Structures are given as structure tokens and as C-alpha cells.
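Data block below; observations after.
The values are calculated or read from the model by the stated rules, or taken from the named source; none is laboratory data. Everything numeric here is computed off the predicted structure, so don't read it as measured data. Virtual Cβ from ideal backbone geometry, glycine too; neighbours counted across all protein chains shown.
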Amino acid sequence: MLGAFATGKTSLVRQFVHSLFDERYHTTVGVKIDRKEVRVGDVDVNVLLWDLAGEDDFQSVQPMYLRGASALVFVVDGTRASTLEKARSLFELAETVVGTVPSVVALNKSDLTIDWELSGSETAELTSAERKVLKTSAKTGLGVQDMFHWLAEAMVTRHE
């Protein structure tokens, strides 16, 4: 889980693993690791989620946390267009460390449509063969299960 600070990385993980949302902001220090088992066809996939501290002007993602990643989630706050630029810089970092792996750009906070700052043209260019773009809401759960299940399927398919 990569992205600028306060994009909802921890909230997305919490929604996926525990089906919970908390209005309070929780700062992640370093990395927080959660686990959830997902069934893909006949295969049980043990998903380890590394929720990395958000990147800002004073703190950057440490490449050592990316080594060995089988998939990546880049979280963008749809109500703050500046977080899209941060995600783009994280794409470059991740590609140099892990190469091309299945990834998702989570356009989070889609429940706040009145405050939305991103356009479809800005986000359409992010999609590739290995990267999917999805609108998510950690608050309502919209797209959260789909996002992680797509990643699990992509990882299983890649290793067949």
C-alpha cells in the first residue's frame, strides 16, 4: 500500500481485513502488516498487506519495504489532485525496485463526490496491462473487496 499521507491506505486495509471504518485519522509509522486469506478459484491465497507510512515532504518510502512485493496498491485521494503526482513518482520508484507486478491505483474517497478533484482523462492514462484503476471508498466499502480480489487473481495467474 503506497501513497501520499492521508489518502486512506490504512482505512482501505482495515475495510478489507475487518470490514470496519473509523473516522479518526491514524498515522502509520514505518509499516503495518495485516493478513487475510482470499480464495481464487481452487487456490487459497494468503495476502500479506504492507501498509507503508504515507509519503510527504518530510518522509519518503524506503525501497527496502518494496523488495519482494508480488503486487502493489497505489492509493490516490480523489479529493486532493496532488496525491496523483505522488502516486506517479511512487510508480517509478516501485518499478526500479520490483519491476512490473500486478498493481492497482485506488482512487479513494469516492464517497466524497462533491469534493472530487480528479478527471477521467487524468486517471485513464494510468491503466496498463498490469495496472488497473478503480474507484474505492474505505468508508462505504465500494470497490475495496473487488480491488484486493483482482490483485489476488492477477498474482495467481502470473505464477501459473
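Quick rundown of the values:
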read-out	value
Single condition PHE74 does not satisfy, out of (1) of a type in the set (Phe, Trp, Tyr); (2) in contact (Cβ under 8 Å) with a residue 60 or more places away in the chain; (3) out of contact with any strand residue (DSSP E or B) (no Cβ under 8 Å at 6 or more places or on another chain)	(3)
Any hit, the range 20-38, residues being out of contact with any Gly (no Cβ under 8 Å at 6 or more places or on another chain), in contact (Cβ under 8 Å) with a residue 60 or more places away in the chain, on the phi > 0 side of the Ramachandran plot and surrounded by 18 or more Cβ atoms within 10 Å (Cβ to Cβ)	no
Segments classed as helices (runs of 4 or more DSSP H), wholly inside the range 65-160, with at least 3 members that are under 24 Å from LEU48 (Cβ atoms) and either touching a helix residue (DSSP H, G or I) at 6+ places or on another chain (Cβ under 7 Å) or among the β-branched types (Val, Ile, Thr) (or both)	82-98, 144-158
Looking only at the range 111-131, and only at residues there that are over 16 Å from VAL73 (Cα atoms) and of a type in the set (Ser, Thr, Tyr), the one that is modelled with the lowest pLDDT	SER121
